[in-house]
Structures are given as C-alpha cells and as structure tokens.
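Participant: If you scroll down you'll find the structure; I have some questions about it.
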Amino acid sequence: MAKMIAAITGVAGYVPEYRLTNQELEKIVDTNDEWIRTRTGISERRILKDKEKGTSFMAVQAVKDLLEKTNTLAQDIDLVICATVTPDMHFPDTANLVAYELGIKNAFTYDLSAACSGFLFALETGRRFVESGGYKKVIVIGADKMSTIVDYEDRTTCILFGDGAGAVLLEPTLKENGIKDAILKSDAVGKDFLHMKAGGSLRPPSIETVMSREHFLYQNGKPVFKAAVSGMSGAVKEVLQRNELTKDDITWLVPHQANIRIIESVAHMADFPIERVMVNIQKYGNTTAATIPLCLWDWESQLKRGDKLILTAFGGGYTWGATYLTWAY
Ligand SMILES: CC(C)(COP(=O)(O)OP(=O)(O)OC[C@H]1O[C@@H](n2cnc3c(N)ncnc32)[C@H](O)[C@@H]1OP(=O)(O)O)[C@@H](O)C(=O)NCCC(=O)NCCS
C-alpha cells in the first residue's frame, strides 16, 4: 500500500509596498550602495511602514491569497503554524490572530520560534501532523516584520533585513510527490553572536534595556557567516547522501536569503550550479522566516510536478537544516 505523505499544494506571499533602497540607507547610516551590494547582494528591502500593523497583517494577506488560489474554505483548515521571531505580541500567538482574521475557526494554532530556520522547522512539524492522519489541511507560515527589531543606527545589521510573509498549504497525498526528508539541527553555541537580548523573562523590558538598545537584534556577522556556510552546506550534503541523490538530480536549491556571498559559498561547497539556486535577496533582503516561502512564491510559475527541491536555512540560535521534497503540482 502506498504511504501517505504531506505535499505542498499551494504557496502565497506578501511583501509590503514600501521599498527601502540602499540609496535611502545611505542617508540614515554611514554606508553606500556599492558596499551593500558587493558584501550582501541586497539592493532594496520591503518595509511595512504602518505602525498600526504587525507581522499578522502580512501573514493574513499571504494566507488569504493562499486560500483563494487553492479554493480552500477557511473552515476546512485543521492547523495553522506561524514561524516568526517578531510576533505581534508575546501572546496570543500570531497564528491565532491570523486564523481569527480569516475565519479559520476549526483549527488549533501556534507560533514557532527558530529565527531564520523557522519556516523549515514549521514545515517539518506540519508535515508530521499531516502524516499522522489526523490533519488534512495544514497552513505553514513564515512571517517577520524585522523592521521592528532592527537598529537603524547600526550599519552592520540595518542593511540586511526586510519585512515579508509567505505561506504554504500542506495536504496528505498517496501519490509520490511531497515532502520526503528533513535534517534539522539546533545548537545554542551561537547565542552570543545573534540574538535580541531583552524583552524576555531573563531581561524584561526596563528603562535600562531600552536605553542600552537591547530590544534590537544584535549580530556579530563574521562567526554567523562562517557557521551559516558550513551549517547549510553540511545539511544539504547530508540530505542528498541520505536520499541517495546527487546534485544533478536536484532541480532547485532554495536557500535562506541572508547574504549572496553565503548563498554562493553554500552552492560552491555543495558543488551546485548557481543557475539552479533561487535568489531573490536583491529585492527583499533577509526576511527571516519568510525567505524560503517567498522564493517558492516567486518561482511558483516555473516549478513543475516532480521537480526535486532542497530547501536549506540557517539562523539565530544557531538553528539550521535542509529539507528534501518533490513538487506536487
Ligand atoms: C554583516 C556582514 C554583511 C558584514 O560583512 P563582512 O564582510 O563580515 O564585514 P566586516 O564585519 O568584516 O566589516 C568590514 C568593514 O566594513 C565596515 N562596515 C560594516 N557594515 C558596513 C556598512 N553597512 N557600510 C559600510 N561599511 C560597513 C565595518 O565597520 C568594517 O570596517 P573596518 O574594517 O574599518 O572595521 C556579514 O558578516 C554577514 O553577512 N554576516 C552574516 C549575516 C547573516 O546572514 N545573518 C543572518 C542570519 S543567517
């Protein structure tokens, strides 16, 4: 008997209209377009300017589009998982707010925090719910309003990040195409290099934490860069090997969009031609949990049933991994 697996049956995304260009950043911090493009590959990022709107707003736009294009009724959704490090608030969870806005009444919901690897962690979790047989329609979201935790006085980080949301629908299938394997890892060895220090139970908000800018993302870029390259390339090689695949079998490598040099190094180390690597960092920057679903959204019209994809991510924690799937539509 054929094994039931989970397949992505739809993808949608949302990016805010406002484009924060390198030229505009030149007016805010001591930087320049040439430095940003050569060091990161980024030309512009989208920013949700409206202070009244949080991450859930962008996620709602993406999920609304997803429901429409897949002809799915809100009432038929069983589970909503939202990967984010910029939830609207500590609680209720952002997935809950999204479900409420869209009339998704028969689902349970929760957020998942794994920084830039959040979407892969959430995808694996959603996949397992579907494979359990108890959940027929699962929405997995990756969404972040990074502009709310970026320090626009820190030129080493403010150039990197943007806002956005992406979402996929997971459904069970007895056919061959779907999510096949995932290798996911966590190691808090990176906690000093990439974090947001205050706002949690260890350092709750105070005048002191605000004055010392501890509610902004902090990053020491060099160690993160190195760990990202070895983490992602290692996970890609491992998932290829475990599934008896070579790079020639893979149609697309879909890497987290952190820095073009990281992407190129991962492709090089995995011996993967750059023509088959999805790259949209130039227009969105690093949208944290949203980068991978936004790539799938941008490339959706080029994807064909049976295409073999490897998704790979690396993020704060550290967290990292790679997922192997075949495209189902
Ligand atoms: C942040 C990052 C782009 C910096 O690039 P880098 O090549 O490591 O640059 P360095 O930090 O060595 O800085 C080199 C110089 O450029 C300067 N610089 C840093 N940011 C700058 C900017 N925006 N504009 C101009 N100069 C800048 C530095 O001050 C430094 O000057 P110095 O040599 O006089 O001290 C890079 O480390 C990176 O991408 N890291 C990983 C980031 C990431 O992807 N994080 C998300 C999680 S996956």
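The values are calculated or read from the model by the stated rules, or taken from the named source; none is laboratory data. Everything numeric in this text was worked out from a predicted model, so none of it was measured. Don't worry about glycine lacking a Cβ; one is built from the backbone with ideal geometry, like all the others, and counts go over all protein chains shown. Side chains are part of the model used for accessible areas, which takes the heavy atoms of the whole protein and leaves out ligands, DNA and RNA. Shrake-Rupley method; radii C 1.70, N 1.55, O 1.52, S 1.80 Å.
Participant: From the list 178, 234, 164, pick out the single residue that is crowded, with 18+ Cβ neighbours inside 10 Å and under 21 Å from residue 28 (Cβ atoms).
Facilitator: 164
The rows are residues; the columns are (1) under 26 Å from residue 298 (Cα atoms); (2) of a type in the set (D, E, K, R).
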position: 89; (1), (2): no, no
position: 98; (1), (2): yes, no
position: 114; (1), (2): yes, no
position: 130; (1), (2): yes, no
position: 146; (1), (2): yes, no
position: 151; (1), (2): no, yes
position: 156; (1), (2): no, no
position: 164; (1), (2): yes, no
position: 170; (1), (2): yes, no
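Participant: Among the residues of segment 240-261, which ones are under 17 Å from the mean Cα position of the chain (by Cα) and in contact (Cβ under 8 Å) with a residue 40 or more places away in the chain?
Facilitator: 252, 253, 254, 255, 256, 258, 259, 260
Participant: Can we say residue 222 is more than 21 Å from residue 316 (Cβ to Cβ), part of a helix (DSSP H, G or I) and open to solvent by 10 Å² or more (accessible area, probe 1.4 Å)?
Facilitator: no
Participant: Name, by its number, the condition in (1) touching a residue at least 24 places away in the same chain (Cβ under 8 Å); (2) farther than 17 Å from residue 161 by Cα that does not hold for residue 52.
Facilitator: In the conditions (1) touching a residue at least 24 places away in the same chain (Cβ under 8 Å); (2) farther than 17 Å from residue 161 by Cα, residue 52 misses (1) alone.
Participant: Let me ask something else about it. From the list 175, 180, 237, which residue is assigned to a loop (DSSP other than H, G, I, E, B), away from the ligand (no atom under 16 Å from the Cβ), touching a residue at least 12 places away in the same chain (Cβ under 8 Å) and over 26 Å from residue 152 (Cβ atoms)?
Facilitator: 175 is the lone residue from the list that is assigned to a loop (DSSP other than H, G, I, E, B), away from the ligand (no atom under 16 Å from the Cβ), touching a residue at least 12 places away in the same chain (Cβ under 8 Å) and over 26 Å from residue 152 (Cβ atoms).
Yes/no matrix, rows are residues, columns are (1) surrounded by 19 or more Cβ atoms within 10 Å (Cβ to Cβ); (2) modelled with pLDDT of 95 or more; (3) in contact with an Asp or Glu (Cβ under 6 Å, 6 or more places away or on another chain); (4) not small (Gly, Ala, Ser):
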position: 2; (1), (2), (3), (4): no, no, no, no
position: 13; (1), (2), (3), (4): yes, yes, no, no
position: 18; (1), (2), (3), (4): no, yes, no, yes
position: 22; (1), (2), (3), (4): yes, yes, yes, yes
position: 25; (1), (2), (3), (4): yes, yes, no, yes
position: 28; (1), (2), (3), (4): no, yes, no, yes
position: 31; (1), (2), (3), (4): no, yes, no, yes
position: 35; (1), (2), (3), (4): no, yes, no, yes
position: 46; (1), (2), (3), (4): yes, yes, yes, yes
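Participant: Still on this structure, please answer the following. Residues being within 16 Å of the ligand (Cβ to nearest atom), within 18 Å of residue 179 (Cβ to Cβ) and open to solvent by less than 10 Å² (accessible area, probe 1.4 Å): count how many of those fall in segment 294-329.
Facilitator: 6
Participant: Listed residues 117, 113, 147; which is open to solvent by 50 Å² or more (accessible area, probe 1.4 Å), within 16 Å of the ligand (Cβ to nearest atom), more than 21 Å from residue 5 (Cβ to Cβ) and polar (S, T, N, Q)?
Facilitator: So the residue among 117, 113, 147 that is open to solvent by 50 Å² or more (accessible area, probe 1.4 Å), within 16 Å of the ligand (Cβ to nearest atom), more than 21 Å from residue 5 (Cβ to Cβ) and polar (S, T, N, Q) is 113.
Participant: For the structure I just gave you, tell me whether residue 34 is touching a strand residue (DSSP E or B) at 6+ places or on another chain (Cβ under 9 Å) and either within 14 Å of the ligand (Cβ to nearest atom) or of a type outside the set (Gly, Ala, Ser) (or both).
Facilitator: no
Participant: Report every pair of residues separated by at least 6 positions or lying on different chains whose Cβ atoms are under 7 Å apart, first residue within segment 13-37 and farther than 23 Å from residue 57 by Cβ, second open to solvent by less than 50 Å² (accessible area, probe 1.4 Å) and polar (S, T, N, Q).
Facilitator: Partner pairs satisfying both residue conditions: 22/43; 25/31; 33/22; 36/22; 37/22; 37/43.
Participant: For residue 200, state whether it is touching a Lys or Arg at 6+ places or on another chain (Cβ under 9 Å), assigned by TED's automatic domain parsing to the domain that holds residue 314 and of a type in the set (Gly, Ala, Ser).
Facilitator: no
Participant: Can you tell me which residue among 229, 277 is more than 28 Å from residue 61 (Cα to Cα), under 18 Å from the mean Cα position of the chain (by Cα) and either within 15 Å of the ligand (Cβ to nearest atom) or surrounded by 15 or more Cβ atoms within 10 Å (Cβ to Cβ) (or both)?
Facilitator: Just one listed residue meets the conditions, 229.
Participant: Could you identify the single residue in 266, 210 that is open to solvent by 60 Å² or more (accessible area, probe 1.4 Å) and hydrophobic (A, V, I, L, M, F, W, C)?
Facilitator: 210
Participant: When you check residue 108 against the structure, is it among the hydrophobic types (A, V, I, L, M, F, W, C), open to solvent by 50 Å² or more (accessible area, probe 1.4 Å) and closer than 28 Å to residue 195 by Cα, yes or no?
Facilitator: When the stated conditions are applied, residue 108 does not pass them.
Participant: I'm trying to understand the selection: among the residues of segment 206-217, which are under 20 Å from residue 160 (Cα atoms) and either away from the ligand (no atom under 11 Å from the Cβ) or in a helix (DSSP H, G or I) (or both)?
Facilitator: 213, 214, 215, 216, listed by residue number.
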